[in-house]
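Heads up, the thing below is written out as structure tokens.
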Amino acid sequence: MEALHPEVPVVCVRSHAMERAARVFTEQFPGDSLYAVKCNPSAHVLATLSAAGIRHFDTASMTEIEWVSSQVPDATCYFMHPVKSRAAIREAYSRYAVRYFALDHRAELDKIAEELPASRDVVLVVRVAVLHSAVVYDLSGKFGASPEEAHEIMEEAYRRGFSVGLCFHVGSQCTDAQAYISGIERVVAARAGSATPLRCLDVGGGFPGHYLESPVEELDHYLSTIAGRVEELDLDPDCRLLCEPGRGLCEAGESLVVQVQLKKERSIYLNDGIYGSMTEEGTGLRHRHRMVATRPFSQTRAPFTAYGPTCDSVDVLPHPLVLPDDVREGDWLEFGNMGAYGVACSTAFNGFSQETFVALENAFVADDPPLA
Ligand SMILES: *Cc1c(COP(=O)(O)O)cnc(C)c1O
């Protein structure tokens, strides 16, 4: 802080936190963990995770496939977006040797079958819709076939000469491990009465991060819950088990230092906000934070409305921040656990963007008691 005296937001990178999360997945998930690239496609994240043993990637666009392929030479990409352009299907297959493609509708099956040669080397992974569950982002309305529809699509894809798999995604920031069990039950329902060999079962992402007022079990609880249920399924040895963690791998890998640019009575204006790395605050997640101790602060605390830097009136954190009552222009705050959907979702709206990264070796510790 002394060296930079930063008047722009600073992304603090903690690679060790991502390495630790990668270790949990590689050691405790009884299959392959695909990193969901959309969560944080930064070069440092791809480098850290691949060095930590994550070599499979859930990609959803040609650009993501290109990023991963250029930065992680021996990476395997999986095209897990159920809706793809024809050009992307062709290019992913022929230029990047992608062999796993998600789908959730017959029309997408027709599209893929028209663009790719039918082959058992190509695995069409049918996404089953989950029922509404304990997640912050529920995607069950946007993607997924019912178990009956998934059954039909799977059988038809196999008849046309492809291999098949089944997947689901519980949604993001899943606060109840039972959601994975219900997802697996939907897969079991889709499989009922089918003799078609399954090449993969993919339990998706959704593994939660640590935020204010969102108490969650640790990752190993989620992984052992899934492993226990999968074991009972007695899957064919040829059937790969996959998961697609985004947030669970990188949430603790970045924090964000922001500066107070102006204080008015009980309002502060920060140099990052809803259009920047704090998009998720707008959808209900609240990041733990601390004052950067560049000076002694008052012990008395007060709630402050925190505005972002843009001229838009929606650029305000929905919840007030409880801060020392003498907070003033020039002070810095650090928001922890910003690694997921932070920089990845930020825009340069109004000319404000985050481009300053520093590497840290310590852990983020929020002010205690939590500034609720
Ligand atoms: C976004 C997404 C993920 C990753 O979700 P997290 O909540 O970050 O783990 C995994 N699979 C699919 C299909 C996704 O769309």
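Derivation of every value follows stated rules applied to the coordinates shown; laboratory data play no part. In this text the structure is predicted, and so the values were computed from the model without any measurement. Ideal geometry is used to build each Cβ from the backbone, glycine not excepted, and the neighbour counts take in all protein chains shown.
As a calculated quantity, the FRET efficiency between Glu265 and Ala3 at R0 = 22 Å, using C-beta atoms, amounts to about 0.10. In terms of other Cβ atoms within 10 Å, Glu217, Glu19, Glu108 run from fewest to most in the order Glu217, Glu19, Glu108. Ranking of Phe29, Phe207 by neighbouring Cβ atoms within 10 Å, starting from the fewest: Phe29, Phe207. Give the shape of region 139-258 as rounded, prolate or oblate, defined through the alpha-carbon gyration tensor: a ≥ b ≥ c are the square roots of its eigenvalues, a/c under 1.5 means rounded, and otherwise the shape is prolate if a/b is larger than b/c and oblate if not. Cα axes put region 139-258 in the prolate bin. Counting every pair of alpha carbons in region 54-106, the share spaced more than 19 Å apart comes to 16 percent. Solvent-free Debye calculation, one equal scatterer per alpha-carbon of region 266-372: log10 I(q)/I(0) at 0.10, 0.12, 0.23 Å⁻¹ equals -0.28, -0.40, -1.49. For region 313-329, the Karplus equation 6.51 cos²θ - 1.76 cosθ + 1.60, evaluated at θ = phi - 60°, returns couplings of 5, 6, 7, 8, 5, x, 10, x, 9, 8, 9, x, 6, 9, 4, 8, 3 Hz by residue, with Gly and Pro reported as x. The Cα atoms of region 3-105 define a convex hull whose projected area, averaged across directions, is 8.6 nm². Annotation: lysines with alpha-carbon distance below 21 angstrom to Lys111 (same-chain offsets under eight excluded): Lys84, Lys142. Size descriptors for region 16-250, from the alpha-carbon set: Rg then Dmax equal 16.6, 50 Å. Here's how it looks for Phe304: its modeled amide H is under 5 Å from those of Leu321, Val322, Leu323, which are all 5 or more places away or on a different chain. Working note: 222 nm ellipticity from helices only, DSSP H runs with n ≥ 4, each -39,500 (n - 2.57), summed and divided by the residues of the chain, gives -8000 deg cm²/dmol to the nearest 500. Straight-line reach only, C-alpha to C-alpha below 19 angstrom: list the aspartates and glutamates that Lys263 could link to, leaving out same-chain residues fewer than 8 apart. Reachable aspartates and glutamates: Glu7, Asp272, Asp312, Asp315, Asp325, Asp326, Glu329, Asp331, Glu334. Taking GluC sites (Glu not before Pro) across region 259-341, the ones in a DSSP loop with at most 13 further Cβ atoms lying within 10 angstrom of their Cβ are Glu265, Glu329. Among Thr175, Thr63, the ranking by other beta carbons within 10 Å of each residue's beta carbon, starting with the fewest, stands as Thr63, Thr175.
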